[in-house]
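The values are calculated or read from the model by the stated rules, or taken from the named source; none is laboratory data. Fair warning: this is a prediction, and the values are worked out from it, not measured in the lab. Because the Cβ atoms are built from the backbone with ideal geometry, glycine has one as well, and the counts that use them run over all protein chains shown. Note: accessible area is taken over every heavy atom of the protein model, side chains too, but ligands, DNA and RNA are not part of it. Shrake-Rupley method; radii C 1.70, N 1.55, O 1.52, S 1.80 Å.
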Amino acid sequence: MSLIYNEEQRMLLDTAQEFFAERSPVAALRALRDRGDEQGFDSTLWRDMAELGWTAIPFPESLGGLEFGYKGMGAVFESAGRYLSASPLLSSIVLCGSVLEQGGSEAQQSEWLAALIDGSKRLALAVDEGPRHEPEQIGLCARCTDNGFELNGDKVMVVDGLGADGWIVAARTEESAASAAVEASATGKEGISLFIVPAGTAGVNLSRQALIDSRNTARLSFSQVQLSPQQLIGELDQGTQVLEAALDRGRACIAAELQGACEQLFQMTLDYLRTRVQFDTFIGSFQALQHRAAWAHVELELARSSLMAALDAIDSQDEQAAQLVSLAKWKVGQMADRISNEAVQLHGGIGVTDELDVGLYFKRIRVLQALLGDSDYHLSRASQVQAAA
């Protein structure tokens, strides 16, 4: 297991950092927020990211990808995190692309995956139905009908759901093949199916769900939505394995973005300590503050090790990948608590003002910590996976 980037991955990291620094600095996110942009990202930037090949990084060459692995994706997400750059890379490529790669039919891959990779279309994954990430708690029901399926229910926290060309929806279909009248259980990993729902389908209502980081998040409502059998991804009732693998890839990329954001925030804090003068001396010369900075640096390095182990496990298809991903999401989340809290405290009152970028990092970090499972969720999941092994 390698806990560092190789030479090619390092080159991608450097290229991505230069790209985001020039094309999508923090000021770009501030501008999107200030004009109330519902899409939440720059379409031109997204097209250029696709032309650079970043949307093809995780997919096999047989599907039009570069087969560069999730360490490569981690390098891009880490760079995006450093500049708070917004794009649908997580929702459309990592989450929905992964579902189509693993479970999609040839027709679905031909129609959707190729379009996701070239950036001409994008999809969003609709899983959660409550305020916390709980993929086992799915109540949205897909009943079998004479012509296919009928969806009824709601989804929340759909990342990049606004303006998407469609959504991949996780629904409970347990026993629905045997009886159209069955009321399926809303809990458990069994009986989950995945469907592609194109935008514009009758019975789908969409509304914006505002979060503190000003990104694109939506609430979806499905009322008697009619789907054909061709819109089912994979086999009926067998969607959990595909969904879990996609979510784990997403969680690892979120941890990489979180790592990048925290390292940049830590660097901003160090710069402040080196330039802020009180009592005729730089405050960074105070030993108590040097100790706090040293502890924060150790936390960053420990979190990076857990992140790299998770990305490496995904690429090597390690049977412990799920556990390592949860440990990474937990550890990076814990580190993010320390780094963000120290940044606000060491900057003093200006650390919570809108004029200073520290506040924007703080808000994005809090969202990333909760997205696809907070530290409590992943600590519990890691122990459950270990116990089941």
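Assorted remarks:
- Cβ-derived FRET efficiency at R0 30 Å, Asp48 paired with Met268, nearest 0.05: 0.70
- Contour excess over end-to-end distance, with Cα ends at Asn205 and Leu66 and 0.36 nm allotted per residue: 46.4 nm
- Using R0 = 22 Å, the C-beta based FRET efficiency linking Asp37 and Ser120 works out to 0.60.
- Full extension of the chain between Gln386 and Ser316 gives 23.3 nm of extra length, using 0.36 nm per residue less the Cα-Cα distance.
- J(HN,Hα) series, region 71-76, from Karplus relation 6.51 cos²θ - 1.76 cosθ + 1.60, nearest Hz, glycine and proline x: 5, x, 5, x, 5, 5
- Extension gain (nm, one decimal) between Gln137 and Ala21, 0.36 nm per residue minus Cα-Cα: 37.8 nm
- Theoretical FRET efficiency, 1/(1+(r/R0)^6), r = Cβ-Cβ of Ile212 and Glu235, R0 35 Å, to 0.05: 0.35
- Asp237 accessible area, assembled protein chains, probe 1.4 Å, Å²: 40 Å²
- Cα coordinate range in the chain, projected on the principal axes (Å, largest first): 80, 48, 38
- Close amide H pairs (under 5 Å, H built 1.01 Å from N) link His133 with Gly373, Asp374, residues at least 5 positions away or on another chain.
- 3J(HN,Hα) from dihedral phi, region 99-107, Karplus parametrisation 6.51/-1.76/1.60, rounded to Hz, x for glycine, proline: 4, 5, 4, 8, x, x, 6, 4, 5
- Spin-label model, Phe282/Ser105: points 7 Å from Cα along the beta carbon direction are separated by 6.5 nm.
- Each residue of region 40-46 is assigned a 3J(HN,Hα), and the resulting list reads x, 8, 8, 4, 5, 4, 5 Hz, derived from the Karplus form 6.51 cos²θ - 1.76 cosθ + 1.60 (θ = phi - 60°), x at Gly and Pro.
- Qualifying lysines (Cα of each under 24 Å from Cα of Lys189; at least 8 residues distant if same chain): Lys155, Lys329
- Cα centroid separation, region 1-50 to region 204-256 (Å): 23 Å
- Interchain or long-range residues, amide H under 5 Å from Trp167's placed H: Ala124, Val197, Ala199
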